[in-house]
1. Contact list please: Cβ distance under 8 Å, first residue in segment 156-183 and within 17 Å of Val101 (Cβ to Cβ) and hydrophobic (A, V, I, L, M, F, W, C), second residue modelled with pLDDT under 95 and part of a loop (DSSP other than H, G, I, E, B), pairs at least six apart or on different chains.
2. Please work out if Gly219 is under 18 Å from Gly27 (Cα atoms), in contact with a Leu (Cβ under 8 Å, 6 or more places away or on another chain), touching a residue at least 12 places away in the same chain (Cβ under 8 Å) and among the small types (Gly, Ala, Ser).
3. Quick check on segment 41-74: of everything there that is touching a residue at least 40 places away in the same chain (Cβ under 8 Å) and farther than 24 Å from Gly210 by Cβ, which residue is farthest from the chain's Cα centre (by Cα)?
4. From the list Arg279, Arg296, Arg244, which one is at pLDDT 95 or above, loosely packed, with under 15 Cβ neighbours inside 10 Å and basic (Lys, Arg)?
5. Only one residue in Thr60, Thr67 is surrounded by fewer than 22 Cβ atoms within 10 Å (Cβ to Cβ) and out of contact with any Cys (no Cβ under 7 Å at 6 or more places or on another chain), so which one is that?
6. Which of the strands (runs of 3 or more DSSP E) found entirely inside segment 81-167 contain at least 2 residues meeting this: under 28 Å from Glu37 (Cβ atoms) and either over 17 Å from the mean Cα position of the chain (by Cα) or among the basic types (Lys, Arg) (or both)?
7. Can you tell which of Ile10, Ile3, Ile98 is over 25 Å from His217 (Cβ atoms) and in contact with a strand residue (DSSP E or B) (Cβ under 7 Å, 6 or more places away or on another chain)?
8. Among Ala145, Ala130, which is the only one that is on the phi < 0 side of the Ramachandran plot, at pLDDT below 95 and touching a His at 6+ places or on another chain (Cβ under 7 Å)?
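The values are calculated or read from the model by the stated rules, or taken from the named source; none is laboratory data. For clarity, every value in this text was computed on a predicted model and none was experimentally measured. Quick reminder, even Gly has a Cβ in these numbers, built from the backbone with ideal geometry, and neighbours come from all protein chains shown.
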Amino acid sequence: MNIIGPDTLIFGVDDIDSCTQYLLDYGLESVGNGRFEALDGTGVEVKAKDDTSLPAPLETGSTLRKTIYGVADQATLDAIAEELKKDREVKQLDDGSIEAVDDMGFALGFQVTVRKTLNLPAETINAPGADNQRGLNVIGVEKEASPKPRSLSHVVYFVPDFAKAEAFYAERLGFITTDRFHGVGPFMRPAGTQDHHTVFFIQTPPHMQGIEHFTFHMGGPTEVVHAGTNMVNKGYQSFWGPGRHLLGSNWFWYFKSPFGCNVEYDADMDLHNDDWTARAIAPGADNSQAFLLQFREKWAPMGPPPAADQ
């Protein structure tokens, strides 16, 4: 099935104002009616948790109420509806999308994708032994910058049974497992993208079920670090990063959020096709990142460096 990736995440929250400000500070653009978009039109919608248009919440109280996947065309949408109708209710919504619930109880939507094709330069580097990527007299970084998220990248779920979740997404929706952590869960991508993953399942006790984090792609590692630095300077709490993952190779920086989950910036994710053989490795710090950096306030080497963050 030609599912491309997540188009929209819909949340039901207690504090709309703080969630709105967070997404604006994160770099998304408000387009009205509680919707905030990246440069390609993918985004996040924020509603009050008692909004009657929302699907029913999980018993755990997770604020994520629906994940909407974009598909390539109407034929794919129809095929998904026919497949899921075999054993569950599939709602046809007024906007042409469909809605169902997966085997873990998460509400899913599917629509012909809203993603716009981007034509933007990637971050470039100059390296000895390779052709220069930046032209002469073209600088690589600006002191003041506000990089914008380009595209909704992936969502990570806490689930009580990752094998059951993996089976549903593979057997019913055609997702492919690219890598996995032993005893924790798989990284998966739908057939319509080559991104290393658009979803990752993490095994947890049932009372923790919900969203662990979501993230948007940035234009490169400099944008990840610059955007993250801007978030720190605005008073948001760093959770993990900056650093670079091993599985997926993506640069990352995670922040706490008022959504009750973490929110990440990522960049430079691996791409895979069907020739790729999934790896399986042990979980833990050694395999979660190739390296991890620690943010410090700016300083100059005319005096002692600031104390390490606690």
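1. Leu173/Met1
2. Answer is yes for this residue.
3. Once the filter is applied, the top-ranked residue is Asp73.
4. Arg279
5. Answer to the selection: Thr60.
6. 98-101, 107-112
7. From the options Ile10, Ile3, Ile98, the qualifying one is Ile98.
8. Residue meeting the stated conditions: Ala145.
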